[in-house]
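The values are calculated or read from the model by the stated rules, or taken from the named source; none is laboratory data. Note that the structure is predicted; figures quoted are calculated from it, not measured. Note that we place each Cβ from the backbone using ideal geometry, even for glycine, and neighbour counts take in every protein chain shown.
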Amino acid sequence: MSTVERNLPMDRRSFLKVSMMASGALLVGCGRPVPVDVGVSDQETWVANLYVRIDPDGKITIVSKNPEAGQGVKTAFPMVVAECLNVDWKNVSVEQAPLDDRYGRQVIGGSRGTPDGWDDLRVAGTAARELLVTAAAEKWGVPRGDCAAESGAIVHEASGQSAPYESLLEIAAGLPVPDIDDLDLKSRPADFSLLGTFVPGVDNAKILTGQPLFGCDKRLDGMLYAVYEKSRIFEGKVRDANVDEIRKLPGVTHAFVVEGTDDPRGLRSGVAIVANTWWEANSARKRLRVNWDTNQSDSSADFESAAEALRLETGEIQRSDGDVDEAFDKAGKIVEASYYYPFVGHANLEPQNCTAVYHESGKLELWAPSQNPKSGRALIAKTLGIPQRNIHVNLMRIGGGFGRRLRSEFMAEVAWIAREVGQPVQLQWTREDDMHHDYYRPAAWHHFKAGIDADGRMNAFDHHFITFGKDGETASGASLSASHYPAGLVPNFRLRRSIIDLNVPTGPWRSPGHSAYGWVYQSFLDEVAVAAGRDPLEFRLDFLSRSYGETQMDLERATDVLKLAAKNARWGNQQADDGRAQGIAFHFDHGAYVAYVVEVVADGSSVNVEKVYAAVDCGPVINLSGAKNQVEGGFVDGLSTANLEVTFANGAAQQSNFDDYELLRIGQTPEIEVEFIQSDNRPSGLGEPPLAPAAPAVCNAIFAATGTRVRNLPFGRSGISI
Amino acid sequence: MSIVKLKINGQSVSIDIPSDMPLLWALRDKLDLVGTKYGCGIGVCGTCTVLVNGIPMRSCVVPAVSMAGMEITTIEGLDPTGEHPVQKAWDEEDVPQCGYCQSGQILTASALLQQNPNPSDEEIDSAMTGVLCRCGTYHRIRKAIKLAAKNTGATGGES
């Protein structure tokens, strides 16, 4: 069964390393040279990007190099190894790696954990298995091909001999390292026994009994607690503050002004208060009086006026296919609509925090709930003027990422404070800090015009995208790819862009861009289908049936998820009576295809989202539980966020806490039925793709139930309550 | 500062704290019981929920000094071995995503089942409405509560 073509290409510089540890453990590592800015241990010159360790007692351990924020890699990764190693899942445990350049990428972002880890994990697990098979064959003097790996043991059926892995470690360690190209990697759902099953998370035991796990759970001897006050008006600087008075307050050990830097994503100017307990630090903060120098006054009202003025302009042409204007002239029908979605926050349930100790030796150690610890380390080095090699970052479980913790200013803040006080410090932001100092998902206006030809097809599409930025550049999270569908699916296509000047900090927000673009495109497509007198599903299937030039997605896979969701929901067989109706939407991002059919019940303008049918193609499913969790959670996040907004006045965010930024609660949550199309493609990540099609499927159902087209979010702006 | 005697997870402890310090911070910063989490500080997200005489309460807004003489149960005390029917159901349904809100969810669910061993969907939604989950695990919370109810009924064990 040598099927080299099934062995998807490894990086050509990848290699395997097998070694025996002093403890008698067998270590199989898979790696490739990576740029190393910082060596952690002087003795070790090589660390695998990933390794599998088999201990003499039969326990199997793998290192998880990526941070865990609930996206499930810490469970999915060892599952892949266990699958390839043919061992019982219960014998595998996972260790969280610290930040170490030699592991390569250690980021939660772009839904890349699974696709990036897929090869290394399989190679390491399969190589270890093959070594053990060879070791047993040598031990018994039998042909290798007659031996098989089964549940943690090598068996020789003809003689009835069986040897547990742990009895073969020494022989295996002395064997030549297998050639990666010769390994037969399990690749398809049909090959799997563990992958694709429902496996509970590896950290559940700790979570369910309240054991220390998260960043804010870190405790160190002599640790102090800090708060950090920054200007509510973005980019404001401290002129002066009553820190002398603050220092005298109960429990307070330190209070000082931090000048900060001009890096808008770095250490901002502020006042640090450090105390024996966090409560004392935060109580003292209520007595803090700061005079701020501020120089901007961004407001939502001004953004709206600017957008209205820009609407009449042509904007910058981003893409132009065919002849849009001529097609409009010839069109049988024209549909025009304008959409708006607001700024939103990340609202991680665990507010930003970080723990640090600055040693006299000049070494700094941190315990960080960070999606991107490497960028945090670089920021600290730059801000404190210390070498990166003096900074060690431990990765803590993260109470929600969603893109917020790709930014690292909280790490720089605690690093600065820790050096100043010379004792271990935990910086804990308040919820209000978190809401006021987010990197928000940018708002935007989308003005659409579509031409429908005699066959009822959309053959012309003009799109004016009004977004935010500065000096002609879009702000972080505010750009739209010119090849995003419907580009390539409409013969006459034009994308225009205008930019409003912005001082508000913005950044990636789960499924950056897509979380918003999915809503506008899938809502407007629905409008075009209705205007063309066609069923929204049939219209979409036809829309995906032909392309004009290159498209970013596989149209067949997109079609298949739509068909599956529709079939499961019995699309078209439901009568829109008693206010009950269905809506449909699909989206493709980060390598995965997701379609939803949503069933709502409307009572006037009050809408209850009752049931969701999800169809997903992310290639082979690794952990059925984790994958379903991402779909269920992604849908809820999409629905919840469509009901939220952050607004600005006088240069500051106006929302402060969960009483004015009300996340969805359990009673507003639908039943969600998920089905996967288990294709033979490479697996994609799933942390982001389930989000984008959620809001449009809901809004299309709202239209079917009420006749109200939701063109402005949050729902309240369109007169709908959920 | 005031010295207060608290009974937490069956153990009596005496701590010297500011008289306005909420129970949450007494637990986290004075007693290192970090399973109870901070979410909003104003009693609206339910992340910090603990049981006081079996009733779910928001530890972020309750002064610790007012808790003298009460039986306080935190997530660490529900069942440290994780064998409580709600903990077991939570694992079996694999409820957590990030996991940050789950101590509040679990304690609230255990109080519900104590009062109402076989709750309906509406009763579950009503009892659990005070605890936010940013990851959106609500769908599984409902399933896990039903599973815990079923298992508790089947084994005749205490909930």
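Taken together, the residues in the stretch A:666-696 that are more than 22 Å from the chain's Cα centre (by Cα), within 10 Å of another protein chain (Cβ to nearest Cβ) and part of a loop (DSSP other than H, G, I, E, B) amount to 1.
With respect to (1) part of a loop (DSSP other than H, G, I, E, B); (2) over 19 Å from A:Asp433 (Cα atoms); (3) polar (S, T, N, Q), the lone exception for A:Thr261 is condition (2). Note on the stretch B:113-125: residues that are under 16 Å from the mean Cα position of the chain (by Cα) and more than 8 Å from chain A (Cβ to nearest Cβ) amount to 3. The residue that is farthest from B:Leu132 (Cα to Cα), among those in the stretch A:625-681 that are crowded, with 23+ Cβ neighbours inside 10 Å and hydroxyl-bearing (Ser, Thr, Tyr), is A:Thr641.
Under the condition of being β-branched (Val, Ile, Thr) and in contact with a helix residue (DSSP H, G or I) (Cβ under 8 Å, 6 or more places away or on another chain), which residue from the stretch A:524-572 is nearest to A:Ile334 (Cα to Cα)? Filtering first and then ranking leaves A:Val528.
Every condition in (1) surrounded by 18 or more Cβ atoms within 10 Å (Cβ to Cβ); (2) out of contact with any Lys or Arg (no Cβ under 8 Å at 6 or more places or on another chain); (3) not assigned by TED's automatic domain parsing to the domain that holds B:Leu132 is met by B:Pro96 except one, and the failing one is (3). Looking at B:Val62 and the list (1) more than 11 Å from every other protein chain (Cβ to nearest Cβ); (2) under 20 Å from A:Leu213 (Cβ atoms); (3) β-branched (Val, Ile, Thr), which single condition is not satisfied? Exception for B:Val62: condition (2).
Of the candidates B:Met128, B:Met67, the single residue that is within 16 Å of the chain's Cα centre (by Cα) and more than 9 Å from chain A (Cβ to nearest Cβ) is B:Met67.
Taking the criterion of being under 14 Å from A:Thr669 (Cα atoms) and of a type in the set (Gly, Ala, Ser), the only residue of the stretch B:93-129 that qualifies is B:Ser126. None of B:Leu6, B:Leu24, B:Leu31 is more than 9 Å from every other protein chain (Cβ to nearest Cβ), crowded, with 22+ Cβ neighbours inside 10 Å and at pLDDT 95 or above except B:Leu6. Screening A:Ser151 against (1) of a type in the set (Ser, Thr, Tyr); (2) at pLDDT below 90; (3) more than 20 Å from the chain's Cα centre (by Cα) leaves a single unmet condition, (2). When the test is whether a residue is within 14 Å of another protein chain (Cβ to nearest Cβ), β-branched (Val, Ile, Thr) and crowded, with 23+ Cβ neighbours inside 10 Å, A:Ile154 does not pass it.
Evaluate the following for A:Pro250: is it within 11 Å of chain B (Cβ to nearest Cβ), under 30 Å from A:Ala627 (Cα atoms), modelled with pLDDT of 95 or more and surrounded by fewer than 21 Cβ atoms within 10 Å (Cβ to Cβ)? Explain how you work it out, then say what you get.
On the way: within 11 Å of chain B (Cβ to nearest Cβ): yes; under 30 Å from A:Ala627 (Cα atoms): no; modelled with pLDDT of 95 or more: yes; surrounded by fewer than 21 Cβ atoms within 10 Å (Cβ to Cβ): yes.
No.
If only residues of the stretch A:202-228 that are out of contact with any helix residue (DSSP H, G or I) (no Cβ under 6 Å at 6 or more places or on another chain) and part of a strand (DSSP E or B) are counted, the one that is farthest from B:Gly82 (Cα to Cα) is A:Leu224.
Between B:Ser110, B:Ser66, which is among the small types (Gly, Ala, Ser), part of a helix (DSSP H, G or I) and within 22 Å of A:Asn204 (Cβ to Cβ)? Spell out how you get there, then give the answer.
On the way: B:Ser66 fails: within 22 Å of A:Asn204 (Cβ to Cβ).
Of B:Ser110, B:Ser66, the one residue that is among the small types (Gly, Ala, Ser), part of a helix (DSSP H, G or I) and within 22 Å of A:Asn204 (Cβ to Cβ) is B:Ser110.
Output the residue which, of all residues in the stretch A:632-650 that are assigned to a loop (DSSP other than H, G, I, E, B) and either of a type in the set (Val, Ile, Thr) or within 12 Å of another protein chain (Cβ to nearest Cβ) (or both), is nearest to A:Val598 (Cα to Cα).
Pass one, the stretch A:632-650, residues assigned to a loop (DSSP other than H, G, I, E, B): A:642-645, A:647, A:650.
Going one step further and asking which of them are either of a type in the set (Val, Ile, Thr) or within 12 Å of another protein chain (Cβ to nearest Cβ) (or both), we end up with A:644, A:647.
Details: A:Leu644: 20, A:Thr647: 29 Å.
The extreme case among them is A:Leu644.
Restricting attention to the stretch B:110-119, does a residue exist that is on the phi > 0 side of the Ramachandran plot and modelled with pLDDT of 95 or more? No, every residue in the stretch B:110-119 fails to be on the phi > 0 side of the Ramachandran plot and modelled with pLDDT of 95 or more.
The residue that is farthest from the other protein chains (Cβ to nearest Cβ), among those in the stretch B:70-84 that are crowded, with 22+ Cβ neighbours inside 10 Å and part of a helix (DSSP H, G or I), is B:Leu78. Residue-level check: of (1) closer than 30 Å to A:Thr197 by Cα; (2) surrounded by fewer than 17 Cβ atoms within 10 Å (Cβ to Cβ); (3) more than 9 Å from every other protein chain (Cβ to nearest Cβ), B:Ser110 misses just (2). Taking the residues in the stretch A:329-359 that are surrounded by fewer than 18 Cβ atoms within 10 Å (Cβ to Cβ) and among the hydrophobic types (A, V, I, L, M, F, W, C) as candidates, determine which candidate is farthest from the other protein chains (Cβ to nearest Cβ). Looking at residues that are surrounded by fewer than 18 Cβ atoms within 10 Å (Cβ to Cβ) and among the hydrophobic types (A, V, I, L, M, F, W, C), I get A:Ile334.
The sole residue among A:Val710, A:Val674 that is within 20 Å of A:Asp560 (Cβ to Cβ), in the same structural domain as A:Asp660 (by TED's automatic domain parsing) and of a type in the set (Val, Ile, Thr) is A:Val674. Scanning the stretch A:603-620 for residues that are of a type outside the set (Asp, Glu) and surrounded by fewer than 23 Cβ atoms within 10 Å (Cβ to Cβ) turns up A:Gly604, A:Ser605, A:Ser606, A:Asn608, A:Lys611.
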